[in-house]
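**Q** Before I ask anything, let me first share the structure, which is written out below as structure tokens.
The values are calculated or read from the model by the stated rules, or taken from the named source; none is laboratory data. Everything quoted here is computed from the prediction, not taken from an experiment. As a convention, Cβ positions derive from the backbone with ideal geometry for all residues, glycine included, and neighbour counts pool all protein chains shown. Quick note on the areas: whole protein, heavy atoms, side chains included, nothing else; ligands and nucleic acids left out. Shrake-Rupley method; radii C 1.70, N 1.55, O 1.52, S 1.80 Å.
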Amino acid sequence: MLAILNICVFVLPCESGERAGYAITVFLAFAVFLTIISSTLPESSENVAVFSIYLIIQTTSSTVITILALVMIRFHFKDDEVDPVPRWLGGLLNTITCKRCRKPNKKITVVEPIGKKGTDDYPDDITDAMDQPTLTWKKAMSLVDRICFIFFFLVFLLSTSLSFIVAALL
């Protein structure tokens with residue numbers, strides 16, 4: 001249950017201010033649980049307990065999740081005008097989330113002018129409007145939240161399944 005709670009860090013919004021505290025609390029719960037389990041296991045044995053390995057994997061995962069949560073909070077509150085999202089990060093996130101695959105191909109057949117130059121209908125800074133970033137830090141961190149949730153959920157499923165399989169074989 002702690003492992004599932006650990007993954008839910010990525011469900012909490014950054015604006016709530018609870019994400020860092022939640023991640024650290026779950027990490028500390030894993031550390032205490034690992035300490036309790038390691039003190040009850042025999043010190044001298046030929047094999048390492050499967051449950052102990054499972055807890056080490058989950059504690060390591062919790063450490064990475066806590067670090068990611070803290071870094072993501074930092075990036076979430078960055079100013080987009082002062083420090084825009086790098087193009088490589090936007091491209092990477094679009095590739096991972098398959099945004100390019102879902103983008104409809106709209107072909108423009110007729111190009112019409114917006115208005116006459118010198119009037120209010122004609123934008124003066126058309127190149128500035130085109131250079132505006134479409135991806136903000138908040139949107140980028142929201143995409144990273146989704147990616148991390150799926151990745152760590154798969155890590156949880158894989159580690160739990162392998163632990164049960166190995167325990168059943170022994």
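**Q** Of everything in segment 29-47, what is of a type in the set (A, V, I, L, M, F, W, C) and touching a helix residue (DSSP H, G or I) at 6+ places or on another chain (Cβ under 9 Å)? Give them in sequence order.
**A** A29, F30, A31, F33, L34, I37, L41
**Q** Is there any pair linking a residue in segment 63-74 that is within 17 Å of L2 (Cα to Cα) to one that is part of a helix (DSSP H, G or I) and among the small types (G, A, S), with Cβ under 7 Å and at least six apart or on different chains, and which?
**A** Close Cβ pairs satisfying both conditions: I65/A23; T66/A23; A69/A20; A69/A23.
**Q** Examine segment 130-137 for a residue that is in a helix (DSSP H, G or I) and modelled with pLDDT of 60 or more, and state whether such a residue exists.
**A** Scanning segment 130-137, I find at least one residue that is in a helix (DSSP H, G or I) and modelled with pLDDT of 60 or more, so the answer is yes.
**Q** Between a residue in segment 135-147 that is touching a residue at least 60 places away in the same chain (Cβ under 8 Å) and any residue that is open to solvent by 50 Å² or more (accessible area, probe 1.4 Å) and in a helix (DSSP H, G or I), which pairs come within a Cβ distance under 7 Å, given they are 6 or more apart or on different chains?
**A** W137/F75; M141/F75
**Q** For L70, only one of the following conditions fails: (1) at pLDDT 90 or above; (2) more than 14 Å from the chain's Cα centre (by Cα). What is its number?
**A** The number of the failed condition is (2).
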